[in-house]
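First the structure, in the form of structure tokens, and then the observations on it.
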Amino acid sequence: MKKSYNVGKQNPMFGKKRPEHSEKMKGEKNPFYGKKHSEENLKKISRFAGGCYDYWHSKARKYFFTGYCEICGKTNKDEIKENGKSLSMHNTLVPKDYTVMNINAWMCVCQSCHMIIERKIQYGD
Ligand SMILES: [Zn+2]
């Protein structure tokens, strides 16, 4: 007689989920979601600048969030309506240093302005 084992449950990797990942997938439910490319780019940028991206950005948001885009003036409300998420915090330092909690090192921007300024930094203006 053979005993059947549930191998899956014994596997240490079984059932492990990456919470940040599923958090980010939420946006896809938004009917206005279609910025997959931008999302990819943001990931690239965060890797580029070295870890702890989310940690420092949420910290900066707490201190320096203005409620509108400092470049085009779009409000947070409009940004959520269009992109399904709130305005981003942009680190203005070159090279980037997310650990600097200084008003001069951070800007509150909408997603499209954020992509434009990040691109300028990466490829030169
Ligand atoms: Zn903007």
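Rule-based calculations on the coordinates, nothing more; no lab input. As the structure is a prediction and not an experimental result, all values here were calculated from the model. Every residue, glycine as well, gets a Cβ built from its backbone with ideal geometry; the counts of neighbours run over all protein chains shown.
Applying 1/(1 + (r/R0)^6) with r as the Cβ-Cβ distance of N102 and Y55 and R0 = 22 angstrom yields a FRET efficiency of 0.85.
Summing Lys and Arg as +1 and Asp and Glu as -1 over all other residues whose Cβ lies under 10 Å from the Cβ of M101 gives a net charge of +2. Taking the Kirkwood radius as Rh and the Cα radius of gyration as Rg, the stretch 64-125 has a ratio of Rg/Rh equal to 0.98.
Charge tally for Y68 (other residues, Cβ to Cβ under 14 Å; Lys, Arg +1; Asp, Glu -1): 0.
Beyond 21 Å in Cα-Cα separation lie the following of the pairs K59/K96; K77/K120; K62/K96; K85/K120: K77/K120; K85/K120.
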